[in-house]
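What follows is a short report on a single structure.
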Amino acid sequence: MPKPFHGAKTATFIGDDLLMIMRDDKPGIDFPAHWDFPGGGREKGETGYETAAREMLEEVGLQLDRAEILWRKRLPYDTAPGRESWFFVARFPASAVHHIRFGNEGQFWRLMPIDEVLALPRIVPSLSQRLRLWLEIRGDGADHMFG
């Protein structure tokens, strides 16, 4: 039986830009008022993909099909030693921006170029590290992502 995991996050490209969510700014949540990727906690029995797809639909109204997934990796969870979570990278066509329906978590969303995301001072700390890991594994620089 596979080891349990905590949740899933998805670096979501809409065209060449990343879909970013500004987290709520309220007490009791991890990283209030920080930039985040769509994602969240696992519900009972879900796979990593099922968690990522459900969270994507709930948070931004997009259907995450397996065809959009460019990469996935199970990694240590940020705030809980010994626990793991899934990290996905997905790409939707630029036209998907018209299908975004922002849910009730977070303050607002925005599309950003990857270099801007990597330079954000208030981003959930592991996310820029995970995005850099994907770039390193791909062997690409930010300027030649999909060319």
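The values are calculated or read from the model by the stated rules, or taken from the named source; none is laboratory data. Here the structure is a predicted model, which is why all the values come from computation and not from measurement. Here the Cβ is made from the backbone with ideal geometry for all residues, glycine too, and neighbour counts use every protein chain on show. For the accessible areas, the whole protein counts, side chains as well, though only heavy atoms, and no ligand, DNA or RNA atoms are used. Shrake-Rupley method; radii C 1.70, N 1.55, O 1.52, S 1.80 Å.
Using a Gaussian network model of the chain in which every pair of alpha carbons under 10 angstrom is joined by a spring, one finds that among 28, 41, 103 the greatest mean-square fluctuation is at 28. DSSP assigns beta bridges within the chain; of those with both partners inside it, close to 70 percent run antiparallel. Close amide H pairs (under 5 Å, H built 1.01 Å from N) link residue 18 with 112, 114, residues at least 5 positions away or on another chain.
Computed with a 1.4 Å probe over protein heavy atoms only, the accessible area of residue 115 comes to about 90 Å². The region of the chain that goes longest without hitting one of the trypsin sites (Lys or Arg not before Pro) in a DSSP loop, each with at most 14 other Cβ atoms within 10 Å, is 1-43.
Counting only DSSP H runs of at least 4 residues, each contributing -39500 (n - 2.57), and dividing by the residue count of the chain, the helix-based mean residue ellipticity at 222 nm comes to -6500 deg cm²/dmol.
Note on segment 61-127: with charges restricted to the Cβ of Lys and Arg (+1) and Asp and Glu (-1), its dipole about the Cα centre is near 140 debye. Protein heavy-atom surface of the chain, 1.4 angstrom probe: 52% of the accessible area is carbon and sulfur, with nucleic acids and ligands not counted.
Surface exposure of segment 1-126, expressed per residue as accessible area with a 1.4 Å probe, stands at 53 Å². Values [x] 0.93; [y] 0.97; [z] 1.01 are given for comparison; Rg/Rh (Cα atoms, Kirkwood Rh), derived from the coordinates here, is the one labelled [x].
Assuming charge only on the beta carbon of Lys and Arg (+1) and of Asp and Glu (-1), the dipole of the chain about its Cα centre is about 440 debye to the nearest 20. Among 119, 90, 33, the largest mean-square fluctuation in a Gaussian network model of the chain (Cα springs under 10 Å) belongs to 119. Debye sum, Cα scatterers, segment 1-56, no solvent: what log₁₀ I/I(0) at q = 0.22, 0.23, 0.30, 0.31 1/Å? Reported log10 I(q)/I(0), two decimals: -0.90, -0.94, -1.14, -1.16.
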